[in-house]
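The values are calculated or read from the model by the stated rules, or taken from the named source; none is laboratory data. Remember, it's a predicted structure, so these values are computed and weren't measured experimentally. Cβ sites come from the backbone with ideal geometry, for glycine too, and all protein chains shown count toward neighbours.
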Amino acid sequence: MASGWANDDAVNDQINSTIEDAVARARGEIPHGESLSECETCGEPIAQARRKAMPGVRLCIRCQQEKDSKKTSQAGYNRRGSKDSQLR
């Protein structure tokens, strides 16, 4: 069935691409490497249990909670466009 300029799997490709972008963004936020013994923001000691549970941790729990509360949701890129733009 003809669907204009897009191939039949275009919507699925867009959805998969959006999911791949979200996964890549989430993986980029995972700490890696050596854990710090002191928080890089406030200088307070980071508990050994936290460093063991989450390798690569750089912030104490309080600073991490503040950072997480300020984080906004990523809206993502609208790859599909509007219906009007597809009809032209």
| task | For ALA2, state whether it is surrounded by 13 or more Cβ atoms within 10 Å (Cβ to Cβ) and modelled with pLDDT under 85. | result | no
| note | Only unsatisfied item for ARG51, checking (1) modelled with pLDDT under 90; (2) touching a Leu at 6+ places or on another chain (Cβ under 9 Å), is (1)
| Mind checking which residues of the stretch 47-68 are basic (Lys, Arg) and within 15 Å of GLU34 (Cα to Cα)? | ARG50, ARG51, LYS52, ARG58
